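The values are calculated or read from the model by the stated rules, or taken from the named source; none is laboratory data. In this text, all values refer to a predicted model and were calculated from it rather than measured experimentally. With ideal geometry, Cβ positions are generated from the backbone for all residues, glycine too; neighbour counts draw on all protein chains shown.
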Amino acid sequence: MTGERVSRRDFLVFGGILGSLFGWIPFLRPSHVSLAGARFRIIRKGHSNRRYVVIHGDEQTARQALRRLMQSQEGAAFEIENQSRNVPIAGGRIDPNRMFSRAGAEADLKKLNPDWTRAQIGAALDLLDRGRARLIHALLPPRGGLLVALHNNTGEYSVADEESLSDRGFVPRPDHPHAFYLCTDPADYQVLAASGYNIVLQQHGPEDGSLSRLCATRGVRYVNVETARGDLTTQVDMLNWLEWKLA
């Protein structure tokens, strides 16, 4: 108003209105989201309700597959920026795919930091509790959307490890156990089972702090596209099949 001083309250209200009006503008959106030592670069393209994530920094094949996918696919991708499997937290370390519940994080902190005291573990858990909701809000898709995680494995892990934890499973390629889908939605399971790749459905299971367990608990559509490290061709093919067939 001309000739009048603008109060701090008026300024804040005006700023809030502007934020509501223009918050959707791409260059005003955050380009990163973090929790503890896990910092994710956000890649946005178009207005799809799909979300993609690479959560382990040492899984370079998954990283390559994600970058290739985002050249043509709309959605929001979250790529962790560190290069190791575990991330730092309060002077220790944690698997970033065990941060999504307090119980799962506590078990992983004890495993990876065996010399920690109860107080150290409690402080790290409190740190995660304060920032977890923000990361979850960023990663999870809107209602009806799909979250696709990309993972790579080595010789000691395969679809066989997940079968006993799953509600259903189909293994048409037992000679290729390192390539499989893990999903939380029965309808998605039915579609992906026709791909010819191994697949498991996990709607129930023990709480381990993983993103898949979080999605299953909340009824969010989630698919993990898992392949052996270095098998970029298979991971890209599985992603393409998913994109073609899942609505």
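Here PRO177 qualifies as touching a strand residue (DSSP E or B) at 6+ places or on another chain (Cβ under 9 Å), outside any strand (DSSP E or B) and under 30 Å from LYS111 (Cβ atoms).
Within region 64-86, the set of residues being touching a strand residue (DSSP E or B) at 6+ places or on another chain (Cβ under 6 Å) and either surrounded by fewer than 15 Cβ atoms within 10 Å (Cβ to Cβ) or touching a residue at least 60 places away in the same chain (Cβ under 8 Å) (or both) comprises ALA65, LEU66, GLU74, PHE78, GLU81. Take the residues in region 213-235 that are over 18 Å from the mean Cα position of the chain (by Cα) and assigned to a helix (DSSP H, G or I); name whichever of them is nearest to ARG67 (Cα to Cα). Per the stated criteria, the residue is LEU232. Would you say GLY145 is at positive phi and modelled with pLDDT of 95 or more? No; evaluated as a whole, the condition is false for this residue.
Looking only at residues in region 215-238 that are in contact with a helix residue (DSSP H, G or I) (Cβ under 7 Å, 6 or more places away or on another chain) and among the polar types (S, T, N, Q), the one that is nearest to ARG63 (Cα to Cα) is GLN235. So which residues in region 121-142 are without any contact (Cβ under 8 Å) to a residue 12 or more places away in the chain and either under 15 Å from TYR52 (Cα atoms) or touching a strand residue (DSSP E or B) at 6+ places or on another chain (Cβ under 7 Å) (or both)? Residue satisfying the conditions is HIS137 alone.
The set of residues in region 178-228 that are surrounded by fewer than 18 Cβ atoms within 10 Å (Cβ to Cβ) and free of Cβ contacts under 8 Å to residues at least 40 places away in the same chain comprises PRO186, ALA187, GLN190, GLY196, GLN203, HIS204, THR217, GLY219. Within region 150-174, the set of residues being surrounded by 14 or more Cβ atoms within 10 Å (Cβ to Cβ) and assigned to a loop (DSSP other than H, G, I, E, B) comprises TYR157, SER158, LEU165, SER166, ASP167, VAL171, ARG173.
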